[in-house]
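Quick notes on the structure that follows.
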Amino acid sequence: MYIALKDDGFWSEPLAMRSMWRDVWDWHKLTDAQRAEHGWYPLREVGAAFDPLTQTRSPPSYELGGDDVVTATYVVTYDAALAAESVNAEHDRRALLGRAFPVEGVGDVPLEGSEKTQVVLLALKDTARDLRDAGVTAALLMFTDRDGTDRRMNAVQMIALVNAGKAWMQQVHEAKRALKEMDPIPADFADDRHWPPIA
């Protein structure tokens, strides 16, 4: 990339070499010294890399060195509010994705954590308690899991499934809070090691 000092004293936007520049043909074949005669200099970036989920980056400051190379320097700053919002988004992603929970007599039941599913499951658990208290042991409760499979369960199985889902969701919430209490929030906050399993 190359950059030029404009007549107004400000630097241009970085430009990739093209075959022609204004009235100069074979612009891309010129040497750096020849391009410098037209006011264009090679651009070197310093500190350009940053994590957009936890950091902000300043606009570049440009300096023309004695080697006729322009250095663009950036200042990267940790942004606590941005990092916290990124953790919130990762929490929501994992909660919505959910996980599979083993239920005795049924097998692994995959659940997703949308609000709609949570409401349905809590209602089914309420019905399951009534059936259990009434001594009903038949598999009368139907639920469609995350993968679209209809699951028929008895009261004890449904209560176990909902309790497992609630406990896991609480672990996800606690992981989010623990991350947001760190200063700074680690750049790898989305790594599985910071969260309960989603397998």
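The values are calculated or read from the model by the stated rules, or taken from the named source; none is laboratory data. This one's a predicted model, so the numbers in the text were calculated from it and none came from an experiment. Please note: Cβ atoms are built from the backbone with ideal geometry, for glycine as well, and neighbour counts cover all protein chains shown.
With the condition kept exactly as written, say whether any residue in the stretch 150-162 is under 29 Å from the mean Cα position of the chain (by Cα) and either assigned by TED's automatic domain parsing to the domain that holds residue 50 or of a type in the set (Val, Ile, Thr) (or both). The answer is yes; a qualifying residue exists. The residue list 184, 197 contains one member that is closer than 26 Å to residue 55 by Cβ, in a loop (DSSP other than H, G, I, E, B) and touching a strand residue (DSSP E or B) at 6+ places or on another chain (Cβ under 7 Å), which is 184. Of all the criteria given as (1) under 29 Å from residue 183 (Cβ atoms); (2) exposed (fewer than 15 other Cβ atoms within 10 Å of the Cβ), the one not satisfied by residue 67 is (1). Of the strands (runs of 3 or more DSSP E) lying entirely inside the stretch 22-69, those containing at least 1 residues that are closer than 17 Å to residue 10 by Cα span 40-46, 61-64. Condition test on residue 54, is it modelled with pLDDT of 95 or more, hydroxyl-bearing (Ser, Thr, Tyr) and out of contact with any Pro (no Cβ under 8 Å at 6 or more places or on another chain)? No: the conditions fail for residue 54.
If I ask for residues that are within 26 Å of residue 81 (Cβ to Cβ), of a type outside the set (Asp, Glu) and crowded, with 16+ Cβ neighbours inside 10 Å, which ones from the stretch 23-56 would you list? Those that are within 26 Å of residue 81 (Cβ to Cβ), of a type outside the set (Asp, Glu) and crowded, with 16+ Cβ neighbours inside 10 Å: 50, 53, 54, 55. For the stretch 71-87, the tally of residues that are in contact with a Lys or Arg (Cβ under 7 Å, 6 or more places away or on another chain) and either of a type in the set (Phe, Trp, Tyr) or closer than 27 Å to residue 178 by Cβ (or both) stands at 4. Candidates are the residues of the stretch 102-149 that are small (Gly, Ala, Ser) and over 33 Å from the mean Cα position of the chain (by Cα); the one that is surrounded by the fewest Cβ atoms within 10 Å (Cβ to Cβ) is 135.
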